[in-house]
1. Any residue in segment A:59-80 that's more than 7 Å from chain C (Cβ to nearest Cβ) and touching a residue at least 12 places away in the same chain (Cβ under 8 Å): show its pairings with residues that are of a type outside the set (S, T, N, Q) and assigned to a strand (DSSP E or B) at Cβ separation under 6 Å, as long as the two are six or more apart or on different chains.
2. Being within 11 Å of chain A (Cβ to nearest Cβ) and surrounded by 24 or more Cβ atoms within 10 Å (Cβ to Cβ) is the requirement here; does residue C:89 meet it?
3. When only residues in segment C:134-145 that are open to solvent by 10 Å² or more (accessible area, probe 1.4 Å) and part of a loop (DSSP other than H, G, I, E, B) count, which is farthest from the other protein chains (Cβ to nearest Cβ)?
4. Going through C:173, C:112, C:168 one at a time, which residue ends up being within 19 Å of the chain's Cα centre (by Cα) and more than 10 Å from every other protein chain (Cβ to nearest Cβ)?
5. Exactly one of these conditions fails for residue C:213: (1) buried (at least 16 other Cβ atoms within 10 Å of the Cβ); (2) within 14 Å of chain A (Cβ to nearest Cβ); (3) among the aliphatic types (A, V, I, L, M). Give me its number.
6. Check whether at least one residue in segment B:123-134 is within 19 Å of residue B:77 (Cβ to Cβ) and either open to solvent by 30 Å² or more (accessible area, probe 1.4 Å) or not in a helix (DSSP H, G or I) (or both), and report yes or no.
7. If you take the residues of segment C:335-352 that are outside any loop (DSSP other than H, G, I, E, B) and within 11 Å of chain B (Cβ to nearest Cβ), which of them is least open to solvent (accessible area, probe 1.4 Å)?
8. Tell me yes or no: at least one residue of segment A:151-174 is farther than 30 Å from residue A:43 by Cβ, in contact (Cβ under 8 Å) with a residue 24 or more places away in the chain and among the polar types (S, T, N, Q).
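The values are calculated or read from the model by the stated rules, or taken from the named source; none is laboratory data. This one's a predicted model, so the numbers in the text were calculated from it and none came from an experiment. Here Cβ is always computed from backbone atoms with ideal geometry, including for glycine, and neighbour counts include all displayed protein chains. Ligands, DNA and RNA are stripped out before the accessible areas are found, and what is left, the full protein with its side chains, is counted by its heavy atoms. Shrake-Rupley method; radii C 1.70, N 1.55, O 1.52, S 1.80 Å.
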Amino acid sequence: MAVVFKKTKGLTDAQTHYCPGCTHGIVHRLVGEVLEELGVLDKAIGVAPVGCSVLAYKYFNCDMHEAAHGRAPAVATGIKRVRPDNFVFTYQGDGDLASIGTAEIVHAAHRGEKISTIFINNAIYGMTGGQMAPTTLVGQKATTAPNGRDEAHCGKPIKMSELLATIDGAKFVERVTVTTPANVRKAKKAIKECFKLQLEGKGFGIVEVLSTCPTNWGYTPQEALKWLEENMIPYYPLGNFRKPEEVE
Amino acid sequence: MEERITIAGFGGQGVMAIGQLLTYAGMIEDKNVSWLPSYGPEMRGGTANCGVTISSEDVGSPVVVDASTAIVMNKPSLDKFEPTIVEGGKLFINSSLIDQKAERDDIEVYYIPANEIAEELGNMKVANMVILGAYLEVAKPVKVESILEGFTKVFGEKKAKLIPINKKALEKGAEVVRKQMAATV
Amino acid sequence: MAKVLMKGNEAIGAAAMEAGCKYFFGYPITPQSELPEYMSRELPKAGGIFLQAESELAAINMVYGAAGSGVRVMTSSSSPGISLKQEGISYIAGAELPCLIVNIMRGGPGLGSIQPSQTDYFQATRGGGNGDYRLVVLAPANVQELVDLIIEGFDIADQYRNPVMILGDGMIGQMMEPVEFKAPKKRELPEKDWATTGTGGKRKPNIINSLYLQPEDLEEHNIRLQQKYNDIKKNEIKVESYNLEEADVVIAAYGTTSRIAKTAISQLEKEGYKVGLIRPITLWPYPYDEFEKINDNCKGILTVEMNSGQMLDDVKIAVKGKYPVYFHSRTGGMIPTPNEIIEKVKKIYGGEI
C-alpha cells in the first residue's frame, strides 16, 4: 500500500503538553518537516528557552539545548560560533523574544549570527497563565491587565518583525500565520526559505508566526482562530519584511 | 636583599615603563619580582605610580607601602610618597620639574635634572631613563645590562633602535648622581 | 619553557589558551578588561573565537551554549558583571557543563569602585544564583599560581562537569610577575559524549537541560549533584599552611591578602612572635580540616579579608568554637598593610582584644 502521509522524522514520538487547539503543534510539525526535507536533522541543534516551548527539547528529534528566559539567541550564538557547520535554530515565544530577550535577539540579528529563529507570537504569556505580553493588543484582557491593555499605561504592542527588519544583519524577516491550510503552506515556505538562508551562510533569519492561545484567551479553538484573523492580523500584517536580495 | 620601589609621576612620563624594566631585569637575574600599578581614572591625566619589589626571598605583599626607594617625577608625587619611605631609604627627585627640596633628613635624597639631561640628549622621552640610571648607580638592585636586555621585552622589538639613546640616558643619570654622591661624602 | 613577565589579566588568557581553551565570550569591565583585549588579539591567531557580547547576561549564555557543544570555553568579568552572570552560572551548574569563569573582584555593593576587594566571597562560595549548586572556587595569590590554577581549572571542570570560578582581585589582575607554563597533573577526563554536536544520524539526540518538572526527578538530580560535590570535597581541596603546631596566633587569609599576611608574619617572627598561616587555595571546597592541625594552646585565629567578614564565617565553622576568632578588615578598595596586621596580632598576644 502506498504511503500518502506520515509523521515527520523531525519530531519525536513524545506526546506534547500543548493545550487543545494551540497552534504550537502545527508550527512544531512545520519545523520538523523542513528540517527533514532540508536533510539537516543530523546536524541540527535547537535551542528552546522558557515559555510554552520550554519542553520543545522533548519534541524535536535532534540535539536540543535548553536556555534561560530570553537568552536563546545568546546560547545559539555560543553553539553556532563553536560549531559553524551545524544547523542552529531557536524556538521562542513573544514574552521570551519580545520582552525579556529583546537585547539578545536584537544583537544576534545585529551581528548577523548565522542562526534561524522561529518566533511564536500569541499576544500573551501562555506558560505562566495569561499575563500581559509586550505583544498583547490594546484593549485585550490579560491576568495582569484585567481591564485590557491600556495604551496610556503601557504603550502599544511591539512589532518585532518590523523592528528587526531595520537591522542590516537580519537577512530574512517574515510574518506568517497558521489559521488556514493556505496560511500553513505559506508558513512552511517561509520557514524553509529562512532555514536555507542559514545553510547558505547568509546571516540571521526569523519567521514570526501569529499563533493562538485558546486557553488563556478564553475562546474555543475555532473562536481563537477567528479572533486572531480579526484582531491580530490588522495590527500585525502578514508578509515578508526582508529578503537577502533586498539587503544587498 | 629586598628593594621596594615606588615610581611616580604624570601619565606619559614613563614611570610604569621603568618599573617594568626593573622588574624584567630582576627576573632575568633570577630574583623574585613583582610590579603593581595604580589603575583607574587617576591614570587619565593625573598621576600614575607603580610599586616594584625585587627580592631574594618570595615577594610577600606586592603593595609597596614602606618603600626602600621612591622615584618621583613630579611635585604631587613628591608630596604623596616622601612620607612613605623607610628611615634610611632613598629618594630620587626629578629636579627639572620639582623646584622644592625634600623635607625629611632621615633619608638619602638625590636631585636629578632628568628632563634637562634628556633634552641635551635630544629626546625628551628618556627623562625616565636618566633618573633610572641614577637609581641603578646608587642602589644597584640589578645590572644595567639586565635593564637593556629587558628593553625589547617591555617596549617590543620595533623599539630596539632606541636602545643606544636609552643606554646613554642611563649612563648620564649615573654620571650626575656620582657627582652628587662624591659631594655628600 | 622560560619564564616571562606577565600582567595577571593577560596571564589568564595565555594560560587558558595553553589549556586548550579557544573560545571566549565577554563584556568589558574594569579591572579585567586587559583579558578580553588579550583574547581578542590572540585567539583568532590560534584559530579560536573571541566575541564581545552585548551584555554579561548574553556572554554567560554564549558560554552556556558553547560549553553544551563540548568545547573548552571561558568568560571573565568583575563583581557587578559577575552578578549579572549569576543566572547563566546557575543554568550551567544545573545542566552540569564544564567552563571557566574569572572574577577579578572590585569594591561593592552596587557600582562600588574599581579598586581591589574580596567582597564576592559569599557570592562565589555559597552560589550567587538560584538553586543548590556549587562552583569550584580557586583563589590564587600570585600570577604563577593564577596560571597554574587556570590550567588545572579547565581539567577540574571537565572531570566533574562543573563550572569552575577563579576568584582574584584587581591587584592580581593588574600586577606583573614572572610566570612559567607547566602541564598540570594528569587526570582521567571523561569523554564529552553528552554534548550537542548534531546526532550525525548515529545516536539519539543529546539534550542539555536543567529543567526537571517532576519533583521526584528534580530531587534525584539534586541528590546526584550533591554526591558529585562530595567527591569534589574529597579530592580537590587545596590549602597552604605553616607553623600550625607551635603558633600562638594563626592568620587565615586567601588570595593577595595572604601575601600581605605573610609579610606581617615574617616581620613578627623576627620579633620573636610565633604566628602561623592557613591560606585556602580552594575557597570551595573549603579546607575546614586544616584548622584541626592547630595546636591546643593557640590564643586565637585572625582572619584578614578585604571585605566586612565573609570567609570569617567559614573560619568559625572550621574552629567549632575551640579558639577565639578575630577579624581584620579593609574594604572599599583599601588594602590592609602588614603593619595593621602586626598590630592586631600583638593585641591578641597581649590579650587586649
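1. Here the result reads A:59/A:11; A:60/A:46; A:72/A:47; A:80/A:88, each pair linking segment A:59-80 to a residue that is of a type outside the set (S, T, N, Q) and assigned to a strand (DSSP E or B).
2. yes
3. Filtering segment C:134-145 for residues that are open to solvent by 10 Å² or more (accessible area, probe 1.4 Å) and part of a loop (DSSP other than H, G, I, E, B), the one farthest from the other protein chains (Cβ to nearest Cβ) comes out as C:134.
4. On the way: C:173 fails: more than 10 Å from every other protein chain (Cβ to nearest Cβ); C:112 fails: within 19 Å of the chain's Cα centre (by Cα).
Exactly one of C:173, C:112, C:168 is within 19 Å of the chain's Cα centre (by Cα) and more than 10 Å from every other protein chain (Cβ to nearest Cβ), namely C:168.
5. (1)
6. yes
7. Of everything passing the filter in segment C:335-352, C:341 is least open to solvent (accessible area, probe 1.4 Å).
8. Looking through segment A:151-174, none of the residues is farther than 30 Å from residue A:43 by Cβ, in contact (Cβ under 8 Å) with a residue 24 or more places away in the chain and among the polar types (S, T, N, Q).
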